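Structure first, then comments.
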Amino acid sequence: MHCPRCGARLAQAPPTACGACAYAIYVNPRPTGTGIIVERGRFLAIRRVRDPRAGWWDLPGGFCDAFEHPADAAVREAREELGLAIELGELVGMYIGTYEFQGEALPVLDCFWLASVVSGELRLDPSEASEYEWFPLADPPEMAFPTMDAALRRVALRLVP
């Protein structure tokens, strides 16, 4: 591993400081924003077409752009992935997870909100998802990432009688 500032070889994996230029290097979680779209005791899931976890059920959401708030990312991702405008409700929670990318397990901070559809016609972006399904909150399938399973359990405890 090398310093991203000067290119010198690092003595150890982050967190560390570069011995050549003293640049401090950390591995911080990457934030995400996800809306759990709920309607009549069901939630909307999409089937992933990309790795990691291609073929697994997923919630519409994704990584924040630079300096983008996770709530704004959740709204943007629903528009991009589903063609829907959503309104976010209460924060469900924030969970630390991992995301496999380029052979590395990267830390992520997954942020989830309850959401409802405001407008638009559901149309999947084929580069993101191959199908969608409304699942009962009381009986969700195993999701692509454990943080999604945890968030859905929390929503079910709150909304399912």
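The values are calculated or read from the model by the stated rules, or taken from the named source; none is laboratory data. Everything numeric in this text was worked out from a predicted model, so none of it was measured. When we count neighbours, we look across all protein chains shown, and the Cβ atoms used for this are built from the backbone with ideal geometry, even at glycine.
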Out of contact with any Lys or Arg (no Cβ under 7 Å at 6 or more places or on another chain), under 30 Å from Asn28 (Cβ atoms) and surrounded by fewer than 19 Cβ atoms within 10 Å (Cβ to Cβ): which single residue out of Asp110, Asp139, Asp65 fits that description? Asp65
If I go through region 98-122 residue by residue, how many of them are farther than 17 Å from Ile36 by Cα and not acidic (Asp, Glu)? 9
Might you let me know whether region 71-85 holds any residue that is within 27 Å of Pro14 (Cβ to Cβ), within 14 Å of the chain's Cα centre (by Cα) and modelled with pLDDT of 95 or more? yes
Has region 71-91 got any residue that is in contact with a Leu (Cβ under 7 Å, 6 or more places away or on another chain), assigned to a strand (DSSP E or B) and acidic (Asp, Glu)? yes
From the list Gly97, Gly35, which one is free of Cβ contacts under 8 Å to residues at least 60 places away in the same chain, touching a strand residue (DSSP E or B) at 6+ places or on another chain (Cβ under 7 Å) and within 23 Å of Arg158 (Cα to Cα)? Gly97
Determine if region 119-134 includes at least one residue that is touching a helix residue (DSSP H, G or I) at 6+ places or on another chain (Cβ under 8 Å), crowded, with 17+ Cβ neighbours inside 10 Å and among the aliphatic types (A, V, I, L, M). yes
